[in-house]
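One structure is given below, encoded as structure tokens.
The values are calculated or read from the model by the stated rules, or taken from the named source; none is laboratory data. Please read all numbers here as calculations on a predicted model, not as lab measurements. So basically every Cβ, Gly included, is an ideal-geometry build from the backbone, and we count neighbours across all protein chains shown. Heads up: the accessible areas ignore ligands, DNA and RNA and are worked out on the full protein's heavy atoms, side chains in. Shrake-Rupley method; radii C 1.70, N 1.55, O 1.52, S 1.80 Å.
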Amino acid sequence: AQKITQTQPGMFVQEKEAVTLDCTYDTSDQSYGLFWYKQPSSGEMIFLIYQGSYDEQNATEGRYSLNFQKARKSANLVISASQLGDSAMYFCAMRPNQAGTALIFGKGTTLSVSS
Amino acid sequence: GAVVSQHPSWVICKSGTSVKIECRSLDFQATTMFWYRQFPKQSLMLMATSNEGSKATYEQGVEKDKFLINHASLTLSTLTVTSAHPEDSSFYICSARSRGAPYEQYFGPGTRLTVT
């Protein structure tokens, strides 16, 4: 069965520090995609970063980077220089190989950034 | 590009009434739309997948007679919660895929439903 596991219900970090949010996945597909989304209290799903299973380099988008370890089936999100506005819920999601199927989401991690 | 809108953004209705939520793709044709439900501090739970012009496919445990989904055009899908009860109060999010990007999924801003 395809599954995303996020084991950290909540994480706390101080402003300007880096934080890593964990994500492991389970799939037998050879081709798949991994996403991270941010969901602030407003509820909108904000796309942060994407990693394809065949991408050899870790994806980066500004302060976000994805630490992709394929053999370990992990896709951790690293946020550098945390800001107060980063406080939100973060979801890791997987796009299965089959076109037209929905993203599979993890349970999410609530990140709280303090000053 | 790739904007998905939802209307209304929030709605309060009385128990026993029905409420319709619209999901529109504004600048692309959505061949597939997904409806999710999310309770506070929980993950998104897929309710159903709808393809334009065909019946929706519901996930196990989702009552298809209660949550009516219609995907009548390439830019509009609707979710109707029939005979709503307080336990139907939740955040409903739609997302859409386009013909040209079958692996991308674009999310609407969500609709908060409160049933009193």
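Observations on the model:
- Residue pairs, from the table A:LYS3/B:LYS41; A:LYS107/B:LYS20; A:LYS38/B:LYS64; B:LYS20/B:LYS66, whose Cα atoms sit over 21 Å apart: A:LYS107/B:LYS20; A:LYS38/B:LYS64
- FRET E, pair A:GLN14, A:GLU44, Förster distance 22 Å, beta-carbon r, rounded to 0.05: 0.30
- Average beta-carbon neighbours from other chains, 10 Å sphere, peptide A:31-39: 2
- Whole-percent carbon and sulfur share, accessible surface of the protein assembly as shown, 1.4 Å: 50 percent
- Partner chain coverage, peptide B:42-55 - average Cβ within 10 angstrom: 3
- Buried solvent-accessible surface, both chains (A, B), 1.4 Å probe, Å² to nearest 100: 1400 Å²
- Cβ-placed point charges (K, R +1; D, E -1), dipole of the protein assembly as shown about Cα centre in debye, nearest 20: 280 debye
- P(r) tail fraction, the protein assembly as shown - alpha-carbon pairs more than 21 Å apart, %: 57 percent
- For the protein assembly as shown: accessible area per residue (Å², 1.4 Å): 49 Å²
- Estimated distance in nm for a label pair at B:ARG99 and A:SER31, the labels positioned 7 Å out from Cα along Cα-to-Cβ: 2.1 nm
- Across the options A:THR24, A:GLN51, A:SER80, the greatest Cα extent toward the positive end of the charge dipole of chain A (unit charges at beta carbon of Lys, Arg, Asp, Glu) belongs to A:THR24.
- Taking a ≥ b ≥ c as the square roots of the eigenvalues of the Cα gyration tensor, chain B is classed as prolate, since a/c reaches at least 1.5 and a/b is larger than b/c.
- Cα-based shape type of chain A, given that a ≥ b ≥ c are square roots of the gyration tensor eigenvalues and the cut on a/c is 1.5: prolate
- The local environment of B:SER77, defined by Cβ-Cβ distances under 9 Å, has a net charge of -1 under the rule Lys, Arg +1 and Asp, Glu -1.
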